[in-house]
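**Q** Quick one: this structure, given as structure tokens, is what I'll be asking you about.
The values are calculated or read from the model by the stated rules, or taken from the named source; none is laboratory data. Remember, it's a predicted structure, so these values are computed and weren't measured experimentally. Here the Cβ positions follow ideal geometry from the backbone for every residue, glycine too, while neighbour counts run over all protein chains shown. Please note that ligands, DNA and RNA were not included when accessible areas were found on the heavy atoms of the full protein model with its side chains. Shrake-Rupley method; radii C 1.70, N 1.55, O 1.52, S 1.80 Å.
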4 protein chains.
Amino acid sequence: MSLSELKEEVYKANIRLYQSGLVISTFGNVSGIDRGNSLVAIKPSGVSYKKLTPEDIVLVDLEGNKVEGKLNPSSDTKTHLELYRAFSNIGGVAHTHSTYATAWAQAKKAIPCLGTTHADYFYGEVPCTRVINDSCILKDYELETGKLIVDTFKSKDYHYMKAVLVACHGPFSWGENAIEAVEVSIALEEIAENALYSILIDPNIDNIKKSLLDKHYLRKHGRGAYYGQKKDNKTGQL
Amino acid sequence: MSLSELKEEVYKANIRLYQSGLVISTFGNVSGIDRGNSLVAIKPSGVSYKKLTPEDIVLVDLEGNKVEGKLNPSSDTKTHLELYRAFSNIGGVAHTHSTYATAWAQAKKAIPCLGTTHADYFYGEVPCTRVINDSCILKDYELETGKLIVDTFKSKDYHYMKAVLVACHGPFSWGENAIEAVEVSIALEEIAENALYSILIDPNIDNIKKSLLDKHYLRKHGRGAYYGQKKDNKTGQL
Amino acid sequence: MSLSELKEEVYKANIRLYQSGLVISTFGNVSGIDRGNSLVAIKPSGVSYKKLTPEDIVLVDLEGNKVEGKLNPSSDTKTHLELYRAFSNIGGVAHTHSTYATAWAQAKKAIPCLGTTHADYFYGEVPCTRVINDSCILKDYELETGKLIVDTFKSKDYHYMKAVLVACHGPFSWGENAIEAVEVSIALEEIAENALYSILIDPNIDNIKKSLLDKHYLRKHGRGAYYGQKKDNKTGQL
Amino acid sequence: MSLSELKEEVYKANIRLYQSGLVISTFGNVSGIDRGNSLVAIKPSGVSYKKLTPEDIVLVDLEGNKVEGKLNPSSDTKTHLELYRAFSNIGGVAHTHSTYATAWAQAKKAIPCLGTTHADYFYGEVPCTRVINDSCILKDYELETGKLIVDTFKSKDYHYMKAVLVACHGPFSWGENAIEAVEVSIALEEIAENALYSILIDPNIDNIKKSLLDKHYLRKHGRGAYYGQKKDNKTGQL
């Protein structure tokens with residue numbers, strides 16, 4: 001994929017995010033990476049989705065230096081870059097303040113895995129980071145937000161859990177490319193809403209059992225997955 | 001109805017499901033049966049509703065063998081087939097992960113019958129299955145899900161209760177044909193939402209009394225039903 | 001207004017109800033009355049809003065005899081007629097199963113008057129009837145539902161409170177004509193939703209004080225009302 | 001900006017408010033001020049948004065005398081004028097009965113600052129006024145509502161907190177101009193919804209810490225703000 005194709009894909013992913021209703025105003029941002037050239041294409045900061053064009057997408061290197069583009073990249077760029085550096089197989093990152101996922105992030109709680117809709121997408125609870133330290137806020141806030149996410153995944157496999165809630169903030173998600181990162185954020189919002197209603201019906205509800213989680217996640221993503229049409233069924237590896 | 005008309009009807013029912021907002025992405029599936037030929041038309045697995053065409057609808061026999069179609073049938077096909085085998089008068093089955101019905105399924109609770117909207121469609125609480133056994137998950141999961149539903153109806157009449165919640169999963173519904181199965185799933189989502197709000201207003205609320213349930217259900221579905229225009233008023237028999 | 005104009009207005013009011021999103025499927029019905037001729041125009045029973053035409057609107061007299069129209073009138077016709085007989089100044093009646101108002105009706109609770117939005121439309125709590133008696137259910141259910149509403153208004157003035165919740169069922173509303181009855185049902189749904197969220201934030205919340213209720217209701221509806229443009233400001237009399 | 005341009009801008013801001021879904025029927029109103037001429041352009045009272053034209057916008061002076069326009073100005077005009085008199089740097093005011101913000105106002109509670117979405121727009125809890133006194137209701141209600149808001153800001157800086165909840169009523173917001181006032185009311189509704197869901201997940205949730213609030217509010221609005229593209233980044237001064 002050429003860099004101009006990458007910019008086009010990242011543009012489309014941002015528009016998809018906007019049309020899904022997950023972001024309002026200038027909130028949210030999606031990026032994609034060209035691993036060969038180590039270049040990241042990302043939404044410019046504070047630009048309205050209605051006015052966004054493929055040419056507005058900014059190219060930066062993995063250290064955050066602007067390589068192409070007239071506009072400033074997203075203020076969250078350093079968070080994206082930290083994820084690309086730490087999660088070496090991901091190709092796209094999305095960030096939203098979507099209503100229900102953000103509600104869980106604000107409550108500083110992981111989204112429990114209460115049903116098979118959740119298990120179809122996420123292999124267990126969607127984790128929530130701890131609250132960021134004051135020193136990290138003052139130092140290099142967006143970079144430290146990325147490190148906080150990476151720290152949360154020290155004992156988790158980012159291939160099987162493609163989203164995280166940043167405490168007091170909102171969700172980040174990732175995938176093979178920018179489009180998949182957006183699809184994950186859409187699914188995340190759906191299961192965040194489901195989970196809220198379920199705990200309102202029964203506050204003592206617990207995660208589904210491991211056998212059911214395995215069955216649903218792995219029939220879509222594991223080796224021998226049999227959901228869908230394609231030969232290239234997901235194997236759990238991005 | 002010819003097999004090609006059946007495929008067209010099942011296609012339309014799937015599109016209706018999508019347009020109703022009850023499913024996102026590739027979730028959900030609707031099927032219809034030709035009882036004469038013992039053939040079931042069902043949505044292909046993992047295909048986006050936006051790209052679905054009548055030709056994509058897959059025909060399978062009651063043992064699950066593909067009879068016509070290029071694509072794989074829905075991964076939930078065996079659940080549908082078990083329902084067709086056990087509930088001999090139904091003509092269509094729909095499965096969704098609709099937001100509110102799924103919330104009740106995840107809470108593993110029947111939807112209480114709190115008002116006449118519910119009673120207009122469902123003759124009492126919409127039941128929730130028990131959680132599927134580990135051995136059933138490992139054996140033939142989708143078939144066993146069907147058996148679980150059938151087991152839940154051992155002492156219930158599927159003619160009067162056209163929907164069920166599969167615990168930790170979501171709703172299945174049925175009807176005379178694929179279109180009615182979808183209409184039932186739309187009504188189910190509405191009453192699932194109503195019921196959630198009602199228990200938030202008063203957690204101690206109870207089912208409506210039998211006399212009121214009878215009145216509403218039977219004026220639409222019983223012998224001597226007087227709701228609507230048609231001479232062929234429902235008699236409670238599918 | 002001629003009878004054909006009345007039918008046209010009732011048709012438009014039904015369509016307005018549908019477009020407002022307060023009804024799904026064939027639920028809900030709106031009627032209007034010609035007081036001079038003592039004739040009521042009402043939606044036919046079980047007809048989809050998408051297919052409804054002005055010609056489908058049925059004319060009945062105050063005893064429920066069909067005077068004009070090919071279709072059966074709404075199954076709730078007798079409830080409407082009882083309201084027209086008892087509330088001699090109303091010109092239109094609307095019935096919905098709208099989501100939030102129905103949730104309060106199912107909880108068998110009046111909607112508390114928690115703010116000025118409510119007070120702009122309704123002069124105090126929107127009352128909820130008691131649950132209908134078994135003997136009334138068996139006798140002449142729809143007529144008895146009307147009587148139950150009228151009984152609830154024994155010590156209330158229907159000019160100042162243009163809506164009611166029928167316990168375990170849903171809301172009825174009324175007004176000068178069919179269109180106003182629909183507008184009231186739209187406002188009712190809005191304040192029912194507001195009230196639910198308010199009690200979730202603070203379960204101990206109480207009705208607003210009388211002075212604030214008076215101020216808001218009467219600046220729109222009382223003598224000397226100063227809201228809006230028209231000289232014919234509402235005087236609290238329909 | 002000429003007075004006719006001001007009327008056009010206020011017209012557009014009112015339409016933006018309507019299209020955002022924050023108001024129904026004739027609820028809500030937006031105004032803008034020409035500080036040079038001390039004239040305020042405001043929506044007429046009780047006019048439907050669908051029928052509103054730029055010519056309908058009414059011009060009044062800061063004492064409330066009509067200077068131009070055929071229609072009566074909004075019944076809330078005196079509240080707007082009090083805000084313009086007390087908050088000398090604001091250029092626009094918006095008032096809605098939006099669903100979630102109104103729910104908090106009805107519960108008579110400030111909206112807690114539970115996350116960075118909130119902190120991106122509002123520098124701390126969005127305050128709620130005390131309930132208006134009976135004497136103020138009887139005297140000059142709309143003027144006194146304005147005074148109540150101003151009183152709530154005695155020890156707050158209206159540059160950093162551009163919205164308020166009037167207890168038992170609903171939100172008012174303001175900004176550099178009419179359009180910004182509407183944008184603030186849209187953001188307010190979003191964070192009011194987020195906050196409701198968060199307290200349903202965890203009723204004991206607390207405001208985010210000062211360091212995180214500062215970081216988010218000030219990166220968008222403080223001196224040295226680095227969010228967005230423009231050189232004219234907000235400095236916290238309107």
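**Q** What strands (runs of 3 or more DSSP E), lying completely within region A:54-131, carry at least 3 residues that are touching a residue at least 24 places away in the same chain (Cβ under 8 Å)?
**A** Ranges flagged: A:92-95.
**Q** Look through D:LYS139, D:LYS154, D:LYS162, D:LYS147 and report the one residue that is free of Cβ contacts under 8 Å to residues at least 24 places away in the same chain, away from every other protein chain (no Cβ under 13 Å) and not aliphatic (A, V, I, L, M).
**A** Selected residue: D:LYS154, the only one of D:LYS139, D:LYS154, D:LYS162, D:LYS147 that is free of Cβ contacts under 8 Å to residues at least 24 places away in the same chain, away from every other protein chain (no Cβ under 13 Å) and not aliphatic (A, V, I, L, M).
**Q** Now for a different question. With C:GLU125, C:GLU190, C:GLU176 as the choices, which residue is surrounded by fewer than 24 Cβ atoms within 10 Å (Cβ to Cβ) and within 12 Å of another protein chain (Cβ to nearest Cβ)?
**A** C:GLU190
**Q** Tell me which of these A:LYS139 doesn't satisfy, since it passes every other one: (1) modelled with pLDDT under 95; (2) more than 13 Å from A:ASN14 (Cβ to Cβ); (3) open to solvent by less than 30 Å² (accessible area, probe 1.4 Å).
**A** In the conditions (1) modelled with pLDDT under 95; (2) more than 13 Å from A:ASN14 (Cβ to Cβ); (3) open to solvent by less than 30 Å² (accessible area, probe 1.4 Å), A:LYS139 misses (3) alone.
**Q** Additional query: I'd like the full set of residues that are touching a strand residue (DSSP E or B) at 6+ places or on another chain (Cβ under 8 Å) and surrounded by fewer than 24 Cβ atoms within 10 Å (Cβ to Cβ), limited to region A:155-166.
**A** Of everything in region A:155-166, those that are touching a strand residue (DSSP E or B) at 6+ places or on another chain (Cβ under 8 Å) and surrounded by fewer than 24 Cβ atoms within 10 Å (Cβ to Cβ) turn out to be A:TYR158, A:MET161.
**Q** Within region B:1-30, work out how many residues are over 15 Å from B:GLY175 (Cβ atoms), small (Gly, Ala, Ser) and open to solvent by 10 Å² or more (accessible area, probe 1.4 Å).
**A** Total meeting the criteria: 4.
**Q** Take the residues in region A:193-212 that are more than 9 Å from chain B (Cβ to nearest Cβ) and of a type outside the set (D, E, K, R); name whichever of them is nearest to B:SER25 (Cα to Cα).
**A** It comes out as A:ASN207.
**Q** Right, something else. Can you find, within region B:102-115, the residue that is nearest to C:ALA107 (Cα to Cα) among those that are buried (at least 24 other Cβ atoms within 10 Å of the Cβ) and of a type outside the set (A, V, I, L, M, F, W, C)?
**A** So the residue we want is B:GLY115.
**Q** Now a separate question. Kindly indicate whether any position in region A:84-96 is β-branched (Val, Ile, Thr) and either touching a Lys or Arg at 6+ places or on another chain (Cβ under 7 Å) or open to solvent by 10 Å² or more (accessible area, probe 1.4 Å) (or both).
**A** No, region A:84-96 contains no residue that is β-branched (Val, Ile, Thr) and either touching a Lys or Arg at 6+ places or on another chain (Cβ under 7 Å) or open to solvent by 10 Å² or more (accessible area, probe 1.4 Å) (or both).
**Q** For D:ALA41, state whether it is buried (at least 22 other Cβ atoms within 10 Å of the Cβ), in a strand (DSSP E or B), on the phi < 0 side of the Ramachandran plot and in contact with a Lys or Arg (Cβ under 6 Å, 6 or more places away or on another chain).
**A** yes
**Q** Please specify each residue of region B:44-57 satisfying the condition of being open to solvent by less than 50 Å² (accessible area, probe 1.4 Å) and not polar (S, T, N, Q).
**A** Hits for region B:44-57 are B:PRO44, B:GLY46, B:VAL47, B:TYR49, B:LEU52, B:PRO54, B:ASP56, B:ILE57.
**Q** Next question, about the same structure. Would you check if C:VAL131 is open to solvent by 10 Å² or more (accessible area, probe 1.4 Å) and hydrophobic (A, V, I, L, M, F, W, C)?
**A** The answer is yes for C:VAL131.
**Q** Please work out if B:LEU200 is modelled with pLDDT of 95 or more and among the hydrophobic types (A, V, I, L, M, F, W, C).
**A** So B:LEU200 passes the test.
**Q** Another question, then. Mind checking whether some residue in region A:163-173 is assigned to a strand (DSSP E or B), of a type in the set (Gly, Ala, Ser), out of contact with any His (no Cβ under 9 Å at 6 or more places or on another chain) and within 28 Å of A:TYR217 (Cβ to Cβ)?
**A** yes
**Q** Related question: Looking at region C:23-38 only, could you name the residues that are away from chain B (no Cβ under 12 Å), touching a residue at least 40 places away in the same chain (Cβ under 8 Å) and in a loop (DSSP other than H, G, I, E, B)?
**A** C:ARG35
**Q** Just to be sure, is C:THR99 open to solvent by 10 Å² or more (accessible area, probe 1.4 Å), within 17 Å of the chain's Cα centre (by Cα) and within 20 Å of C:LEU188 (Cβ to Cβ)?
**A** So C:THR99 fits the description; yes.
**Q** If D:SER4 meets every condition in (1) more than 14 Å from every other protein chain (Cβ to nearest Cβ); (2) in a loop (DSSP other than H, G, I, E, B) apart from one, which number is that one?
**A** With respect to (1) more than 14 Å from every other protein chain (Cβ to nearest Cβ); (2) in a loop (DSSP other than H, G, I, E, B), D:SER4 is out only on (2).
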